[in-house]
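The values are calculated or read from the model by the stated rules, or taken from the named source; none is laboratory data. Computed from a predicted structure; not experimentally measured. For neighbour counting, all protein chains shown are included, and Cβ atoms are generated from backbone atoms with ideal geometry for every residue, glycine included.
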Amino acid sequence: MNLRLILFSFLLVISFHKAFPQRHIKGQLALTPYVGIVDKFPAKPLNGDGQGYAGGIDLVRYTKTETYWKVTYQYDRKFYQFFDDRLMTERHLLSFDWAPITFHDLRRNYYIMPLIGANVGVEMVNRNNLELAQGTILNRSTGTMGLQTGLEGELYFLERTALFLAVSERWLPYSEVGSFRTYGTIGVRFSFFKH
């Protein structure tokens, strides 16, 4: 009886080992649509003073050491109360990130990765409407660029699909209204296997 249990356990371990080895392999691609909130946690309400939301998509390419490079397009919107005026800033950002190290469990069901990267894009204040009454913040589109760091997590619930969670901090020195942004995002990462 014990021999059967040992044999069954051994076969179970081998089957699990063979079922999930193709995650984060060299050349593998993944696509991640996500949504999130900007700066104030929890987000109540999404259009409150100093609050905002974001959405985007990223394309990941894994390297041979289970690390990865990714390129991301993100749109975010944030609201401010500026004296008597209500401001809205919008950003379209393209970012390039690198995850230099990954931490994972033995069966590779979850991953945690720190990120570093840079971004470029455009920022629009008040949708380029008429001049603001106070005159200190310009209502125009400007180019922006900056650096970012963050922490991402993947929790696989299907063989090729993972729940994606991330927290990141962006430094945007050329922003008209605030240089730092904190993002909390959630999404789904779809992996495309190499054949």
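Given the criteria crowded, with 17+ Cβ neighbours inside 10 Å and in contact (Cβ under 8 Å) with a residue 40 or more places away in the chain, does Glu159 qualify? The answer is no for Glu159.
Would you mind finding the one in Leu158, Leu163 that is hydrophobic (A, V, I, L, M, F, W, C) and not in a strand (DSSP E or B)? Only one candidate qualifies: Leu158.
Within the stretch 31-80, the residues that satisfy the criterion of being at pLDDT below 85, among the aromatic types (Phe, Trp, Tyr) and surrounded by 14 or more Cβ atoms within 10 Å (Cβ to Cβ) are Phe79, Tyr80.
Taking the stretch 142-184 as the range and being over 21 Å from Tyr80 (Cα atoms) and of a type in the set (Val, Ile, Thr) as the test, the residues that pass are Thr149, Thr161, Val167.
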